[in-house]
Amino acid sequence: MMNKKIFYIILAVVVFAGFYAWGTYNKLVTGSEGVDSAWAQVETQYQRRFDLIPNLTNSVKGIFNQEKEVFGKLADARSRYAGARNVAEKVGAANEVESSFARLLVVLENYPQLRSSEAVQNLMVQLEGTENRISVERKRYNDGVRDYNLVVKRFPAKFLASLFSFVEKEYFEAVSGSEVAPKVEL
């Protein structure tokens, strides 16, 4: 009789542990996929930005050639982003694009005839909207990373996460000095 009780208790513990492991594993998979999906949305907005920037630069390129350095840095940063192999490299390249783009906006500030161009105005409005979208998607990404990382770090799920090779994801963090916006008056 006693052996039967012990058997049922052990069986209940094993079944409970199995369900816990199953649920935790599925939660980790869901969280990881959610973070990957959020990053894909960030990249989608980056692609939109990267598609708009050449149109803007081509619109203003013909009017002045002395600012070739700004255009070159923008093109280089876009290329580095395209060649990046992981989130950290992409974040670094995206920050370079933002820095170069900010310099382009400062250049535009110095050329009033460009600001009055309808093509430039339209592109600037589209880029402004894209920058807002990027900001929203970065926040969603970081929220997903936070939720996922909490599951990976919490006890006892951290043991299962380690067992199944689930590791913490990196947050999107702005580059040092990005809190100081360039002065742009369009």
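Readers should treat all values here as calculations from the given coordinates under stated rules, not as data from a laboratory. The structure presented is a predicted model; accordingly, all values stated were derived computationally and were not measured. Note: ideal-geometry Cβ built from the backbone for every residue, glycine included; neighbour counts use all protein chains shown.
Within the set of other residues whose C-beta is less than 13 Å from the C-beta of Val152, count the net charge using Lys and Arg as +1 and Asp and Glu as -1.
With Lys, Arg at +1 and Asp, Glu at -1, the net is +3.
Would you mind putting 150-160, 90-100 in packing order, based on average other-beta-carbon counts within 10 Å, highest first? List each step's numbers first, then the result.
Numbers: 150-160: 13.8, 90-100: 19.3.
The peptides rank, most packed first, as 90-100, 150-160.
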